[in-house]
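Working notes, structure below.
The values are calculated or read from the model by the stated rules, or taken from the named source; none is laboratory data. Just so we're clear, the structure is a prediction, and the values are computed from it rather than from any experiment. All Cβ positions, glycine included, derive from the backbone under ideal geometry; neighbour counts span all protein chains shown.
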Amino acid sequence: MTASLHIALLGNPNCGKTALFNLLTGSRQKVANYPGVTVERKAGLFTTASGKRVRVLDLPGAYSLNPVSVDEAVTRDIVAGLRAGEQAPDLIVCVTDATNLKLNLRLVIEAKRLGLPVVIALNMTDVARRRGIRVDSARLEQELDVPVVETVAVHRDGARALLERLDMFALPRESNLVPWSAPNVDDVLAVQREVRRIFAAAVQEPPAEMRVDDAIDRVVLHPFWGLAVLAATLFLMFQAVFSWAQVPMDGIKAGTDSLRDTVRAGLPPGMLQSLLVDGVIAGAGSVLVFLPQILLLFLFILALEDSGYLPRAAFLLDRTMRTVGLSGRSFIPLLSSHACAIPGVMATRTISNWRDRLVTIMIAPLMACSARLPVYALIIGAFVPNRAVWGVFNLQGLVLFVLYVSGVVAAMCVAWAFKYLGRKAPRQPLLMELPSYRWPNLRSLVLGLIERARIFVERVGTIILALMVLLWFISSFPAAPAGASGPAIQYSLAGIAGRWLEVAFAPIGFNWQISIALIPGLAAREVAVGALGTVYALSATGEAAAQLGPTIAQSWSLATAFSLLAWYVFAPQCLATLATVRRETNSWRYPLFMAAYLFVLAYLASFATYHATLFWMGG
Amino acid sequence: MLVETLKARFIRYARSAKSLPVPEPEPIAASSASSFSLCELELGVTATVASICSPEPEQDRDLVLRLIELGFVPGERLRVIAHGQPGNDPIAVRLGGTAFALRRLEAGCIRVTRVPVISS
């Protein structure tokens, strides 16, 4: 069904555009987006009360139509009709934060000058009222000569006024789109004077509204206490991933175990039983078990994003990151890369300087992403005893923290190397908003987590499952010759290939089972765990295959385990990340270079780790 | 219960506070003799933006435009809320209902004047 009205949501970063978009479209989103910053436009469809079909675009936040970064340029190009193959919207909905109108109104005036119909959605009116800010919308409407509707994007019914307005909206007979032109200083000052005049006429605010923010910022931005808070927050995050997720993980494990036993009991031994038990359940099940940990990690990242804390952390780290040639702005993309490098790489669009952006993209994969978590968790669970350290910390959580920190340290070294080798960059501005604090919205947190869970389960159900079945196939055929003594997998395609690969990987301590598991791990890293599950399930000579964790604990040396951990700190990228880098940099040069340098680093790090551990254990 | 009490107290507080006079916008060049760089403003002291200038006009044109767009307009009140370390760089500045982090490079483009202390 085609839409009869095309609207675009335009607004400053942080004014609640995405929340409003989610409220308008519900779960009927056409394009799935990665959570976090909206860096590419998102489209959705919805129907108003009178049955009008509306297509809505959620645009990246912009302070101005005169762009200083790639994401702002996307926004400008769409609303000004400059994007090839895409018409300008019929109506611009200017989303404004009612608590911060002095900043927000300027973009409204700029949008009005484009000549398209404009409606102002006065968002966060509930927060404004609570803070004692009184906005006279009738006066605002009169001063700007644009309809004003109040919205509360975080309430279920918060967009009613906007929907009614859209219902009444009639398309103008002809488009009056005015070509966009870059402003000069006098223009901008004139607009700001106009904004201040309208603001003084229509808004009354008490002067003391920022007391709470000031009090928090006194601690959070403090050179010493601020860093302490940041370290504690990150540390808590990694502890939580290990200790809080245990109960639901045990539940999922018990579920897949009982499913496996049921299938094994219910089906006659043979090909089908082996495919289901060793391929599907051992493979996909061993990945699915990490869902609780991944959701916990996302819960922290989403909550931190929502609260307004992240730019503060970026502020604290700006000076330090400058010594390796980056800016505080790189912090947010790098932190989201802990969830997944793909949204991280896309979020680098907010970095205005191309060189900074490229270096940030290059080191983003060194941030341990959530797909690496299953690999870390499996090995740590099998080799590191689960005991308390100094009464409060969990040793497994500590090791995980160390792995994450090594990724960060490696990233800083690589960035420094790029700075050292590259041309000297001119001084870069930072110019970053530190938005007012707010409580993370429960609704959008839950929506974000459901979205992540859906993406993860879909991955397990599609690409991971398909790879597992493929892997089971090449691990089972050709079958063992009659009278063979070892397990059948040794004679299969995978077994043969594994022995070839083992030659290359033996110096870093990998056996042929690991070598095989590395290959599907390129498609999606958590598959490496599933692949180990399948390979070991098929290698078992005894009766029932034991659980993967205890199996590897028996068959790998500590040096091999540490070496594999080191490998995965650097592990060459999954193909999806490389494809994203190719798209964002518009060249194959950078993704190829990235894969090559990460592969070399991974091999060297594993080699060093393996031999250091051997030496230490032997001596 | 607690939330209601806090809310009532906050509203009472907000109403009791007198509203500040709306600053009159001034032309960009109106930098008085007593103005100085934002880099030199002490922590926690409120000042008024006097002018936005740029050491190398062509190169920093977009930067100056963006500073004005974000609200660093002559007449606006601002206050430094934090200094990054080492070297007091970057600077966090409270401006109206929000705050911005600026490196010394950007802060150097903003000249401010002190607000006379009014005893109440």
Scan the range B:76-120 residue by residue and report those that are in a loop (DSSP other than H, G, I, E, B), modelled with pLDDT of 90 or more and more than 8 Å from chain A (Cβ to nearest Cβ).
B:GLU76
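For every residue, the table says whether it meets (1) among the small types (Gly, Ala, Ser); (2) touching a Leu at 6+ places or on another chain (Cβ under 9 Å); (3) without any contact (Cβ under 8 Å) to a residue 12 or more places away in the chain.
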position: B:PHE36; (1), (2), (3): no, no, no
position: B:VAL49; (1), (2), (3): no, yes, no
position: B:VAL64; (1), (2), (3): no, no, no
position: B:ILE68; (1), (2), (3): no, yes, no
position: B:GLU76; (1), (2), (3): no, yes, no
position: B:VAL80; (1), (2), (3): no, yes, no
position: B:PRO86; (1), (2), (3): no, no, yes
position: B:ARG111; (1), (2), (3): no, yes, no
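Conditions (1) hydrophobic (A, V, I, L, M, F, W, C); (2) surrounded by fewer than 23 Cβ atoms within 10 Å (Cβ to Cβ); (3) under 11 Å from the mean Cα position of the chain (by Cα), marked per residue:
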residue	(1), (2), (3)
A:GLN293	no, no, no
A:PHE300	yes, yes, no
A:GLY328	no, no, no
A:ILE351	yes, no, no
Flag if A:ASP126 is within 23 Å of A:HIS155 (Cα to Cα) and either part of a helix (DSSP H, G or I) or more than 14 Å from chain B (Cβ to nearest Cβ) (or both)
yes
Please find, within the range A:552-575, the residue that is modelled with the lowest pLDDT out of those that are in a helix (DSSP H, G or I) and surrounded by fewer than 17 Cβ atoms within 10 Å (Cβ to Cβ).
A:LEU575
How about the range A:228-258: which of its residues are within 25 Å of A:SER370 (Cβ to Cβ) and within 14 Å of chain B (Cβ to nearest Cβ)?
A:VAL229, A:LEU230
Does A:LEU445 meet the test of being part of a helix (DSSP H, G or I) and either in contact with a strand residue (DSSP E or B) (Cβ under 7 Å, 6 or more places away or on another chain) or under 30 Å from B:PHE100 (Cβ atoms) (or both)?
yes
Could you check the range A:378-400 and list, in sequence order, the residues that are in contact (Cβ under 8 Å) with a residue 40 or more places away in the chain, surrounded by fewer than 19 Cβ atoms within 10 Å (Cβ to Cβ) and among the aromatic types (Phe, Trp, Tyr)?
A:PHE393
Could you identify the single residue in B:LEU20, B:LEU63, B:LEU67 that is modelled with pLDDT of 90 or more, within 21 Å of A:VAL195 (Cβ to Cβ) and not in a strand (DSSP E or B)?
B:LEU67
What is the residue count in the range A:309-366 for residues that are of a type outside the set (D, E, K, R) and either within 20 Å of A:PHE298 (Cα to Cα) or assigned to a loop (DSSP other than H, G, I, E, B) (or both)?
34
Mind listing whichever residues of the range A:44-73 are among the β-branched types (Val, Ile, Thr) and touching an Asp or Glu at 6+ places or on another chain (Cβ under 7 Å)?
A:THR48, A:VAL68
Taking the options A:MET237, A:MET249, name whichever one is in contact with a Pro (Cβ under 6 Å, 6 or more places away or on another chain), surrounded by 15 or more Cβ atoms within 10 Å (Cβ to Cβ) and part of a helix (DSSP H, G or I).
A:MET249
Taking the residues in the range A:175-197 that are small (Gly, Ala, Ser) and at the interface with chain B (Cβ under 10 Å from one of its Cβ atoms) as candidates, determine which candidate is farthest from B:GLU69 (Cα to Cα).
A:ALA182
Within the range A:492-519, track down each residue that is surrounded by fewer than 23 Cβ atoms within 10 Å (Cβ to Cβ), among the β-branched types (Val, Ile, Thr) and within 21 Å of A:ALA612 (Cα to Cα).
A:VAL503
Selection from the range B:61-75 of residues that are more than 7 Å from chain A (Cβ to nearest Cβ) and in contact with a strand residue (DSSP E or B) (Cβ under 6 Å, 6 or more places away or on another chain):
B:LEU67, B:PHE72, B:PRO74
Considering the range A:128-154, residues that are surrounded by fewer than 16 Cβ atoms within 10 Å (Cβ to Cβ) and touching a residue at least 40 places away in the same chain (Cβ under 8 Å), and then whichever is nearest to A:PRO117 (Cα to Cα), we arrive at A:ARG139
From the residues in the range A:75-97 that are in contact (Cβ under 8 Å) with a residue 60 or more places away in the chain and within 26 Å of the chain's Cα centre (by Cα), which one is surrounded by the most Cβ atoms within 10 Å (Cβ to Cβ)?
A:VAL95
Residue identified as touching a residue at least 24 places away in the same chain (Cβ under 8 Å), assigned to a loop (DSSP other than H, G, I, E, B) and under 36 Å from the mean Cα position of the chain (by Cα) among A:LEU114, A:LEU163
A:LEU114
Matching residues, the range A:426-452, being under 21 Å from A:LEU299 (Cβ atoms) and either in contact with a Lys or Arg (Cβ under 7 Å, 6 or more places away or on another chain) or at the interface with chain B (Cβ under 7 Å from one of its Cβ atoms) (or both)
A:PRO435
Selected residue [closer than 29 Å to B:VAL93 by Cα and out of contact with any strand residue (DSSP E or B) (no Cβ under 9 Å at 6 or more places or on another chain)] from A:VAL324, A:VAL389, A:VAL384:
A:VAL324
For the structure I just gave you, tell me whether A:LEU442 is under 20 Å from the mean Cα position of the chain (by Cα), hydrophobic (A, V, I, L, M, F, W, C), at pLDDT 80 or above and within 30 Å of A:ALA596 (Cβ to Cβ).
no
A careful count of residues in the range A:198-221 that are without any contact (Cβ under 8 Å) to a residue 12 or more places away in the chain and more than 7 Å from every other protein chain (Cβ to nearest Cβ) gives 4
